[in-house]
Every structure is written in structure tokens, then in C-alpha cells.
Amino acid sequence: MTQNPGTVGKVVNFHIPAEDVERAATFYCEVFGWEFAPFAGSPVPYLVHDNADTGAGIPAAITLRTDVVKAPTPTMEVENIDQTMIDIALKGGQQGRVQNIPGVGRFGYAIDSEGNIIGLLQPITP
């Protein structure tokens, strides 16, 4: 099995869907010691746990449960989100809508060949 170096991505965070974002943040804080902060400028409730300083693993974000995000969802960093969406469709997955997130980059959800939701992030390059 070969990989296209342009689409190889590392997991950069994962989303935890919640009916009540604040309640979920309290749960993860009290059980695991995670601290969350609102993501500045987000139009929806979106709390971020950046654990880079603690060495606790991959950063997490809590967001509202939606028709798309129903279970914890990994987000992979990619070099070219448009090409990655095409590759996903050609390899048996389903591509989704891509949106620009100011100050972050281009983001979208897709479905892999097994029906799992995955996030894709093409970060802004300096």
C-alpha cells in the first residue's frame, strides 16, 4: 500500500460532541483535570483544551452535537484540503463542505470508507 505524501496528515485534535458544552467541559475537568477555554470568534459554542504544556496527548475541543458530529471525531492536518477531499471520494469515502475559519485555515468534515466522520484542516501557512 502506498501513500501520497501530499495527503498524509497527522491527527492534530479531536472533537467531543455534547448536548451541553459547559456540562461536558465540567465533566472532563473534574474527571481528567482538563481545562477548556472558548475559541475566540467562534459563532457556535466551541471550547478548546490545548494540552501542549501538560504532555497529556492530542488537543481536544468540545462542540455541540450535530447531525454530522455524533461521536468523538479526529481532525487530520492536510496540505491541500481540496485535493484530499477528491482523494477521499475516489477511494470510497464521501467528501463534505469546506469552510474558511479566520485565523486558523480551511476546515471540513468527510466520511471515510467505513462510514466514520473525520475532520480535515489545512492550516494557514505563514
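The values are calculated or read from the model by the stated rules, or taken from the named source; none is laboratory data. Just so we're clear, the structure is a prediction, and the values are computed from it rather than from any experiment. Note that each Cβ is placed from the backbone with ideal geometry, even for glycine, and that neighbours are counted across all protein chains shown.
Numerical summary
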quantity: Matching entry among Ile101, Ile86 (being within 18 Å of Gln122 (Cβ to Cβ) and in contact with a Phe, Trp or Tyr (Cβ under 6 Å, 6 or more places away or on another chain)); calculated: Ile101
quantity: Residue that is modelled with the lowest pLDDT [pool: residues in the range 13-35 that are small (Gly, Ala, Ser) and under 18 Å from Ile58 (Cα atoms)]; calculated: Gly33
quantity: Residues satisfying the stated conditions in the range 57-96, i.e. touching a Gly at 6+ places or on another chain (Cβ under 8 Å) and hydrophobic (A, V, I, L, M, F, W, C); calculated: Val68, Met76, Val78, Ile81, Met85
quantity: Close pairs from the range 101-126: first among the aromatic types (Phe, Trp, Tyr) and surrounded by 19 or more Cβ atoms within 10 Å (Cβ to Cβ), partner part of a loop (DSSP other than H, G, I, E, B) and modelled with pLDDT under 95, Cβ under 8 Å, at least 6 apart; calculated: Tyr109/Val68; Tyr109/Val69; Tyr109/Gly96; Tyr109/Arg97
